[in-house]
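Below is one structure; the comments refer to it alone.
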Amino acid sequence: MGIIDYFKPVETMTAEEARKFLQGGDPREYNLIDVRQPGEYEQGHIPGARLIPLAELPGRITELDPNKLTIAY
Amino acid sequence: MLQTAGFATVHSILGGIRAWEGLTTPGQPEAGMAFFTMAARAEELTALAWLLEEGSRRFYEEAQRSLKDSDVQKLLSGLVTAEGHHKASLENLYQNITGSPPGKGFPSSLLSDATPGDYMEGGVRVSEALAWVIGKNIQAFLELAMSLETASYDLYIKMERRVEGENSKRVFSVLSGEEKKHLESLASLLDRKI
């Protein structure tokens, strides 16, 4: 197998697709998480995004419902 | 990381917050998710991990030459050393699995297009990442490095689940723990630089 065969691309959505989804969706039915650092989050974030910095994600993953669609940035 | 933890449907936003805000700066190289079929043998996974560690080591070593921030250089020096230790751990593991140390053909004999130093975590090409880093600020570089360490952490969790034998699982468990510490160090430095 080639190297690239060992990796799958992460599913993505464009900013426009995310905007449409979030405008029409019920926040109780999805997880929207900002994985940047607190300073970056404070400078600006997508409305409704929950901050869970990337380095903290392994330990805080239980705060999220795995059965909901999750959008991360 | 989320999918590895069992999250059913996960999407990232292409271009992140900058795209949301209408800015069109090209995004950083995207790290893919590690994916193994059940046919992948333990020695192949070990060879893959070794190859990626060498790629990451090369990336950090070359980035260290071009980035002038002394805090970043110090951290990168530590990461270069750590990736070297990880390679040594994987060579030992390979010997435990196969009964022989890695030979001259390692890892190319196990991975069809493997040239050590070409690829790093997430299947990202080292040359692509180094080209992307040129002219970027420290924050952008650290965010890229964090995405790579996250991919590495995810890779080792999957490898630990995939291999058999307590010794092999322990090696990958230690490696995933160390990648998590790298991620935390990078995050801590990014906090200071924002």
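Taking a ≥ b ≥ c as the square roots of the Cα gyration tensor eigenvalues, with a/c under 1.5 meaning rounded and otherwise prolate when a/b beats b/c, else oblate, which class fits segment A:30-73?
It comes out oblate by the Cα gyration axes.
Can you give me the long-range amide H partners of A:ASN31? Hydrogens built in the peptide plane at 1.01 Å from N, cutoff under 5 Å, separation of 5 or more residues or another chain.
It is A:LEU69, A:THR70, A:ILE71, by chain and number.
Before rounding to the nearest 500, sum -39500 (n - 2.57) across all DSSP H runs of length at least 4 in chain B and divide by the residue total; then give [θ] at 222 nm in deg cm²/dmol.
Computed mean residue ellipticity for chain B: -21500 deg cm²/dmol.
Would you mind estimating how fast the protein assembly as shown diffuses translationally, via Stokes-Einstein at 37 °C and 0.692 mPa s with the Kirkwood radius over Cα pairs, in µm²/s?
Estimated diffusion coefficient is 171 µm²/s.
Pulled fully out, how much extra length does the chain show between B:GLN3 and B:VAL174, if you take 0.36 nm times their separation in residues and subtract their Cα-Cα distance?
Roughly 59.5 nm would be gained on extension.
Residues of B:40-50, mean number of Cβ from any other protein chain within 10 Å of their own Cβ, rounded to a whole number?
On the way: counts 3, 0, 0, 0, 2, 1, 0, 0, 4, 0, 0.
Counting Cβ atoms of other protein chains within 10 Å of each residue's Cβ and averaging gives 1.
Would you mind computing, in nm to one decimal, how far apart the modelled labels at A:LYS68 and A:ARG50 are, each placed 7 Å from Cα along Cα→Cβ?
Inter-label distance under the simple model: 0.6 nm.
At a 10 angstrom cut-off on C-beta neighbours, averaged per residue, how do the peptides B:30-36, B:91-97, A:22-28, B:63-69 rank from highest to lowest?
With the highest mean Cβ count within 10 Å placed first, the list reads B:30-36, B:91-97, B:63-69, A:22-28.
Considering just Cα atoms, how many Å³ per residue does the convex hull of chain B enclose?
Values: hull volume 24.0 nm³, N = 194.
In chain B, the Cα hull volume divided by residue count equals 124 Å³.
To make sure I understand, if each residue's beta carbon is the centre and we count other beta carbons within 10 Å, what order do B:HIS86, A:HIS45 fall in, fewest to most? Numbers along the way, then the final one.
Working: B:HIS86 24, A:HIS45 17.
Going from sparsest to densest Cβ surroundings: A:HIS45, B:HIS86.
If amide H atoms are built 1.01 Å from N in the plane of the peptide, which residues on other chains or at least 5 residues away come under 5 Å of the amide H of B:PHE106?
Hits under the 5 Å cutoff: none.
Apply the Karplus parameterisation 6.51 cos²θ - 1.76 cosθ + 1.60, with θ equal to phi minus 60°, to every residue of segment B:132-146 and state each ³J(HN,Hα) to the nearest whole Hz, in sequence, with x for glycine and proline.
Once θ is set to phi - 60°, the couplings for segment B:132-146 become 5, 5, 4, x, 7, 7, 4, 4, 5, 4, 5, 5, 5, 4, 5 Hz.
Work out, step by step, the length gained on full extension between B:ASP71 and B:SER100: first 0.36 nm times the residue separation, then minus their alpha carbon distance; give nm to one decimal.
Working: separation 29, 0.36 × 29 = 10.44 nm, distance 4.05 nm.
In short, 6.4 nm is gained.
Ordered by residue, what ³J(HN,Hα) values in Hz, to whole numbers, does segment B:76-91 give under the Karplus form 6.51 cos²θ - 1.76 cosθ + 1.60, where θ = phi - 60° and Gly and Pro are x?
For segment B:76-91, the Karplus-derived couplings read 5, 4, x, 5, 4, 5, 4, 5, x, 5, 4, 4, 5, 4, 6, 5 Hz, x marking Gly and Pro.
Taking H placed 1.01 Å from N in the peptide plane, check which residues at least 5 places from A:THR14 or on another chain put their amide H under 5 Å from its amide H.
Those lying under 5 Å, H to H, from A:THR14 are B:LEU14.
Test of understanding: ordering B:TRP20, B:TRP132, B:TRP50 by Cβ neighbours within 10 Å, fewest first, what list do you get?
B:TRP132, B:TRP20, B:TRP50
Tally the DSSP beta bridges in the protein assembly as shown and give the antiparallel ones as a percent, rounded to 5.
In the protein assembly as shown, DSSP labels about 25 percent of beta bridges as antiparallel.
Which of A:ILE33, A:ILE46, A:ILE61 moves most in a GNM of chain A, Cα contacts under 10 Å?
Between A:ILE33, A:ILE46, A:ILE61, it is A:ILE61 that shows the largest mean-square fluctuation.
Taking every residue in B:183-189, how many Cβ atoms of other protein chains lie within 10 Å of its Cβ, on average?
3
Select from B:LYS136, B:LYS169, B:LYS104 the residue whose mean-square fluctuation is largest in a Gaussian network model of chain B (Cα-Cα springs shorter than 10 Å).
B:LYS104
Exposure proxy check: B:ILE134, A:ILE71, B:ILE17 ranked by fewest other beta carbons within 10 Å?
Lowest count first: B:ILE134, B:ILE17, A:ILE71.
Could you compute how fast segment B:33-103 diffuses translationally, taking Rh as the Kirkwood radius over C-alpha pairs and applying Stokes-Einstein at 4 °C with viscosity 1.567 mPa s? Give it in µm² per second.
Details: Rh = 13.5 Å.
Taking Rh from Cα pairs, D becomes 96 µm²/s.
Coordinate-derived values only; no laboratory data. Just so you know, these numbers come straight off a predicted model, no measurement behind them. Note that each Cβ is placed from the backbone with ideal geometry, even for glycine, and that neighbours are counted across all protein chains shown.
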